[in-house]
Amino acid sequence: MADLLSLDQLKALAEQVIKKITGNKDLIAALTKDPAGLLKTLGINVPSEQINKLVELVREKLGDQTTKSLLAKIKSFFKK
């Protein structure tokens with residue numbers, strides 16, 4: 001069994017994944033369809049026990065970015 005990563009290490013990996021998939025709809029879709037395969041494609045090595053946690057962190061961060069983007073659009077709409 002591989003050594004488990006700390007939460008901070010997982011968060012850093014999540015940031016790497018986000019940087020690599022941002023703007024690529026195919027890679028973002030792969031996050032839902034085959035997260036383990038996506039991580040392998042991106043060269044991200046994580047113990048199998050922690051794949052779900054890493055994917056969860058990536059999805060949370062992407063959700064935060066989407067929410068912030070939507071809020072910015074709404075604010076700009078009302079400033080017009």
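Those residues that are among the small types (Gly, Ala, Ser) and either surrounded by 12 or more Cβ atoms within 10 Å (Cβ to Cβ) or closer than 15 Å to GLY63 by Cα (or both), I need them from segment 13-52; list them, please. Show your work before the answer.
Restricting attention to segment 13-52, the residues satisfying the condition of being among the small types (Gly, Ala, Ser) are 14, 23, 29-30, 36-37, 43, 48.
Of everything in segment 13-52, those that are among the small types (Gly, Ala, Ser) and either surrounded by 12 or more Cβ atoms within 10 Å (Cβ to Cβ) or closer than 15 Å to GLY63 by Cα (or both) turn out to be ALA14, GLY23, ALA29, ALA30, ALA36.
Do we have any residue at all in segment 56-69 that's among the aliphatic types (A, V, I, L, M), surrounded by 13 or more Cβ atoms within 10 Å (Cβ to Cβ) and at pLDDT below 90?
Step one: list which residues in segment 56-69 are among the aliphatic types (A, V, I, L, M), which gives 57-58, 62.
Then drop every residue that is not surrounded by 13 or more Cβ atoms within 10 Å (Cβ to Cβ), which leaves 57-58, 62.
Then keep just the ones that are at pLDDT below 90; that gives 62.
Yes: segment 56-69 contains one or more residues that are among the aliphatic types (A, V, I, L, M), surrounded by 13 or more Cβ atoms within 10 Å (Cβ to Cβ) and at pLDDT below 90.
The values are calculated or read from the model by the stated rules, or taken from the named source; none is laboratory data. Quick caveat, the model's predicted, so the values are computed rather than measured. Cβ sites come from the backbone with ideal geometry, for glycine too, and all protein chains shown count toward neighbours.
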